[in-house]
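K.L.:
The structure is given below, and queries will be raised subsequently.
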């Protein structure tokens, strides 16, 4: 546990240094640009002393930018090496047989451990996130599966080292609605985003989504297939049928619907 805390501290320190190095580099580039503008438009060539001072500052800024650039590359490489080393260490931790659940272990044999650093990053971004489990896609990227529920909305998302931007999270966004015919709730899928295709992200998020949808008490899941996805209808049909959805298309196969009884 002590070594894990030390690794997390070093990781955070490395990220902090990387951020400040990038900010300093950007500031120096801005100052360098302002210096060139001042030299071109606001300084008379006859004022030789001032010109010499500006040239000295220019050389200092160029050298500073170069040094900061090399330092940023060094930190980035160190960060990648640290990440690989940390993952290796985590994989070498023996599984302790105990009836008491550990924070970073799942209670089902064969499932992946949750990356502590990823978990901290996730909760900083989404304080209301409820972690559902840990998975690994076909590119061997470790992912945390989490959900967010607010009002009548249910969102199930993936979070990982490659998926930290809010707009790029693989996810299924849905809403709980009321069916007046059956007089029961159902879940309508508003949007599905896999970010990277054909690497298992969609299957991972759908598996968890169906499980969470069933917990809401809804009787079925439904959604629509838009005409903008016509070129991918064959792949989408195969995907949904794999998870037990009924897929229907209109006569011209330009749109369709999906439905799964829970």
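The values are calculated or read from the model by the stated rules, or taken from the named source; none is laboratory data. None of the values given here were measured: they were computed from a predicted structure. Positions of Cβ are generated from backbone atoms using ideal geometry, with glycine treated the same way; all protein chains shown enter the neighbour counts.
K.L.:
If you take the residues of region 117-134 that are out of contact with any strand residue (DSSP E or B) (no Cβ under 9 Å at 6 or more places or on another chain) and closer than 12 Å to residue 160 by Cα, which of them is surrounded by the most Cβ atoms within 10 Å (Cβ to Cβ)? Break it down into steps so the answer makes sense when it comes.
P.N.:
So in region 117-134, the residues out of contact with any strand residue (DSSP E or B) (no Cβ under 9 Å at 6 or more places or on another chain) come out as 117, 120, 124, 127.
Next, from what is left, pick out any that are closer than 12 Å to residue 160 by Cα: 117, 120.
Working: 117: 19, 120: 12.
Among them, the one singled out is 117.
K.L.:
Do we find a residue being within 25 Å of the chain's Cα centre (by Cα), surrounded by 13 or more Cβ atoms within 10 Å (Cβ to Cβ) and outside any strand (DSSP E or B) anywhere in region 240-252?
P.N.:
yes
K.L.:
Does residue 154 satisfy the condition of being on the phi < 0 side of the Ramachandran plot and out of contact with any strand residue (DSSP E or B) (no Cβ under 8 Å at 6 or more places or on another chain)? Even if it seems obvious, please write down each step before you answer.
P.N.:
Numbers: on the phi < 0 side of the Ramachandran plot: yes; out of contact with any strand residue (DSSP E or B) (no Cβ under 8 Å at 6 or more places or on another chain): no.
For residue 154, the condition - on the phi < 0 side of the Ramachandran plot and out of contact with any strand residue (DSSP E or B) (no Cβ under 8 Å at 6 or more places or on another chain) - is not met.
K.L.:
Another question about this same structure. Scan region 191-210 for residues that are loosely packed, with under 14 Cβ neighbours inside 10 Å and in contact with a strand residue (DSSP E or B) (Cβ under 8 Å, 6 or more places away or on another chain) and jot them down. Don't jump to the end; show me each part of the working.
P.N.:
Looking only at region 191-210, we keep the residues that are loosely packed, with under 14 Cβ neighbours inside 10 Å, and these are 191, 197-198.
Passing the criteria: only 191.
K.L.:
Would you confirm whether or not region 162-182 contains a residue that is surrounded by fewer than 14 Cβ atoms within 10 Å (Cβ to Cβ), on the phi > 0 side of the Ramachandran plot and either out of contact with any strand residue (DSSP E or B) (no Cβ under 7 Å at 6 or more places or on another chain) or in the same structural domain as residue 152 (by TED's automatic domain parsing) (or both)?
P.N.:
Scanning region 162-182 turns up no residue that is surrounded by fewer than 14 Cβ atoms within 10 Å (Cβ to Cβ), on the phi > 0 side of the Ramachandran plot and either out of contact with any strand residue (DSSP E or B) (no Cβ under 7 Å at 6 or more places or on another chain) or in the same structural domain as residue 152 (by TED's automatic domain parsing) (or both).
K.L.:
So residue 213 ticks every box in (1) without any contact (Cβ under 8 Å) to a residue 40 or more places away in the chain; (2) buried (at least 16 other Cβ atoms within 10 Å of the Cβ); (3) under 15 Å from residue 155 (Cβ atoms) but one. Which box is left unticked?
P.N.:
Exception for residue 213: condition (1).
K.L.:
Can you tell me which residue is surrounded by the fewest Cβ atoms within 10 Å (Cβ to Cβ) among those in region 218-232 that are modelled with pLDDT of 95 or more and not in a strand (DSSP E or B)?
P.N.:
Initial filter on region 218-232 (modelled with pLDDT of 95 or more): 218-225.
Add one more test, that the residue is not in a strand (DSSP E or B), and what stays is 218-219.
Working: 218: 21, 219: 15.
Among them, the one singled out is 219.
K.L.:
Right, another one. Restricting the search to region 114-145, which residues are touching a helix residue (DSSP H, G or I) at 6+ places or on another chain (Cβ under 7 Å) and either part of a loop (DSSP other than H, G, I, E, B) or over 13 Å from residue 158 (Cβ atoms) (or both)?
P.N.:
Result: 116, 117, 129, 137.
K.L.:
When you look at residue 214, is it on the phi < 0 side of the Ramachandran plot and not in a helix (DSSP H, G or I), yes or no? Don't jump to the end; show me each part of the working.
P.N.:
Details: on the phi < 0 side of the Ramachandran plot: yes; not in a helix (DSSP H, G or I): no.
In short, no.
K.L.:
Could you list, in sequence order, all residues of region 135-152 that are more than 15 Å from residue 211 (Cα to Cα), without any contact (Cβ under 8 Å) to a residue 60 or more places away in the chain and surrounded by fewer than 16 Cβ atoms within 10 Å (Cβ to Cβ)?
P.N.:
Listed by number, the residues that qualify are 136, 140, 150, 151, 152.
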